[in-house]
Ligand code: SF4
Ligand code: SF4
Ligand code: SF4
Ligand code: SF4
Ligand code: FES
């Protein structure tokens, strides 16, 4: 531990810390462009200059280590003057076309100019014209005029993906970032480049001109597209209702989580968000002629209960089949386990999930579903749903999700389902499968509900609702707790479950794995 | 009875006020005819809409979008006007302009005049001087609310 003073504020920091990080711990932010927590300091942008007592020149905060008794000034006249100067040079060749730059609003250069610059340009020469729209990767556009040569992108591709598609070419004022021999940036993590570029030099084609970043609302969530469970930020717009523009998700960004994904997410998780708004089911669908009303969840839950009770009383619970998936949260799987396995001794529980796919050696896992580990630890034996699963006599089928169609061929499924008297499907999307069921209930997706998921390494991660589910959709845990209450064997037990947190507490009480993980 | 008397008094008061204006104005008009200069002038009614008063230079009238030389809008769809508008009555959708110098142009630009409060913030926010409120048009009315929703075709001139 060493004792230093930053802006006269005494702080104790670990030896070997840089001045920039030490200041951060004290709540003092020092402007920086090239430095990123993921990489060792580079010292190329000169934005982080600070004054250190006893040293004749200003020093770089990002690469100077603390010394005992060091006195640092981050806001002295000299420092502010120097920052202005650095900014002036950075902007000398910068196009400042913020009105058409997708980074505007998130751009550090813009922020620092607003904070320290605000000068009139002294350059009389016109700015140099460079390549403004260079497609350098799957979904990446490079603007050479805006690049400040911080080399974050180059370092990312060298150190993180080790694919090295970008380099800095030529020298002096002719330096520019580009790809080698027209080989585009093509790896499953390329989307991170647009996020770490501190300016609008690398922008994302997927987000290009769609909206402005300051219109977007942000919510923290977990990516459910593979079992890694990376931390993400979902950026969405609630829609311009009086112009008939619906709410939608505009982009997904990675969120720092050193225990799981570091600073990064894969491109599959970044660009795979259309499912959140497209083809959503928002009303209860009835495909059974006997129902001549548009029911509410109350009506349907009453009906399901009647069926369950009938089978229970006739000692025929073996004629109930449950098809689950591992997009269900720990809380939901727990409730299902309680109601159907403990209360009803149901044997025929199967899983239908999205099939496994190729993994890579960084974040993406083979399991393209977020909670397989959770289901295993909850005590399910995870028998796969196949035509045989439905071959025995079945009176009631409760299915969750629409992955059944991916595992059983349409013809087989139709044949199997025809013989079943009552079929209820809980699903979030419109799907061909839906027409085969009597009742289809709309459900909420991960960003629309609360709960927790267990990732491939057994880490339990909580998530909270970011936005509302569409129409009449309800989170599964709510419907399940309601069924538990109505089914009546132990209704006071289920009566407690008003929030996902109360269920999570009960899980910790009952399932050792979840207690230990805590 | 007392109530009816009250009405009657008000009617008389009204007549007095109207006649006072009439005679005072008449008096100044007669002085003018006789060639006597006074500081105060007799009031004149403008015969709107046959006759129109000149609009002051800073008056805020119906918006218009400015065009570039080639007829395309100057607007680059930066949406700063959308951001600043307190009535949330502007909606802009951007598209890719093949011209590399421009890159971004508004494929949709809608102002719902029915919601606009004529504050002029959009004009001030625009970095391209693409939107102005100097068309001089003040008589825009419609039979439906949709008549007051102006799109790119109507605004660009
Ligand atoms: S990179 Fe930043 S400063 Fe440069 S044009 Fe884009 S928003 Fe403006
Ligand atoms: S493209 Fe962006 S990240 Fe790469 S060097 Fe230029 S400014 Fe830095
Ligand atoms: S004048 Fe004011 S209210 Fe009307 S469009 Fe412009 S910013 Fe909006
Ligand atoms: S502020 Fe000007 S350039 Fe920007 S969108 Fe509005 S009219 Fe177009
Ligand atoms: S952040 Fe220190 S030189 Fe760039």
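Worth pointing out:
- Verdict on residue A:90 being under 30 Å from residue B:75 (Cβ atoms), within 15 Å of ligand 5 (Cβ to nearest atom) and surrounded by 20 or more Cβ atoms within 10 Å (Cβ to Cβ): yes
- Residue among A:362, A:350 that alone is touching a strand residue (DSSP E or B) at 6+ places or on another chain (Cβ under 9 Å) and either in a loop (DSSP other than H, G, I, E, B) or crowded, with 16+ Cβ neighbours inside 10 Å (or both): A:350
Conditions (1) more than 16 Å from ligand 2 (Cβ to nearest atom); (2) touching a strand residue (DSSP E or B) at 6+ places or on another chain (Cβ under 6 Å); (3) more than 20 Å from residue A:102 (Cα to Cα), marked per residue:
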| residue | (1), (2), (3) |
| --- | --- |
| B:74 | yes, no, no |
| B:82 | yes, yes, no |
| B:97 | yes, yes, no |
| B:102 | yes, no, no |
| B:109 | yes, yes, no |
| B:150 | yes, yes, yes |
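For (1) surrounded by fewer than 23 Cβ atoms within 10 Å (Cβ to Cβ); (2) within 14 Å of another protein chain (Cβ to nearest Cβ), each residue gets a yes or a no:
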residue	(1), (2)
A:195	yes, no
A:205	yes, yes
A:270	no, no
A:279	yes, no
A:284	yes, no
A:287	yes, no
A:291	yes, no
A:297	yes, no
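- Taken together, A:31, A:56 contain a single residue that is more than 14 Å from chain B (Cβ to nearest Cβ) and within 16 Å of ligand 2 (Cβ to nearest atom), which is A:31.
- Every condition in (1) farther than 28 Å from residue A:110 by Cα; (2) under 17 Å from the mean Cα position of the chain (by Cα) is met by residue A:218 except one, and the failing one is (1).
Let's see how each residue does on (1) assigned by TED's automatic domain parsing to the domain that holds residue A:149; (2) more than 14 Å from ligand 5 (Cβ to nearest atom):
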{"residue": "A:16", "(1), (2)": "no, yes"}
{"residue": "A:30", "(1), (2)": "no, no"}
{"residue": "A:61", "(1), (2)": "no, no"}
{"residue": "A:122", "(1), (2)": "yes, yes"}
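- Of all residues in region A:346-375, those that are touching a helix residue (DSSP H, G or I) at 6+ places or on another chain (Cβ under 7 Å) and closer than 21 Å to residue A:271 by Cβ total 3.
- Hits in region B:96-130 (condition: assigned to a strand (DSSP E or B) and either within 11 Å of chain A (Cβ to nearest Cβ) or surrounded by fewer than 18 Cβ atoms within 10 Å (Cβ to Cβ) (or both)): B:96, B:104, B:105, B:106, B:107, B:108, B:110, B:111, B:112
- All positions within region A:308-325 that are outside any loop (DSSP other than H, G, I, E, B) and touching a residue at least 24 places away in the same chain (Cβ under 8 Å): A:308, A:309, A:311, A:312, A:317, A:318, A:319, A:320, A:321, A:322, A:323, A:324
- Test: residue in region A:255-270 that is assigned to a strand (DSSP E or B), closer than 30 Å to residue A:39 by Cα and in contact (Cβ under 8 Å) with a residue 24 or more places away in the chain: yes
- In region A:98-116, residue farthest from ligand 5 (Cβ to nearest atom) [restricted to those that are more than 30 Å from the chain's Cα centre (by Cα) and buried (at least 18 other Cβ atoms within 10 Å of the Cβ)]: A:113
- The residues listed here are A:215, A:240; of these, the one that is within 16 Å of ligand 3 (Cβ to nearest atom), free of Cβ contacts under 8 Å to residues at least 12 places away in the same chain and within 14 Å of another protein chain (Cβ to nearest Cβ) is A:240.
The values are calculated or read from the model by the stated rules, or taken from the named source; none is laboratory data. This one's a predicted model, so the numbers in the text were calculated from it and none came from an experiment. All Cβ positions, glycine included, derive from the backbone under ideal geometry; neighbour counts span all protein chains shown.
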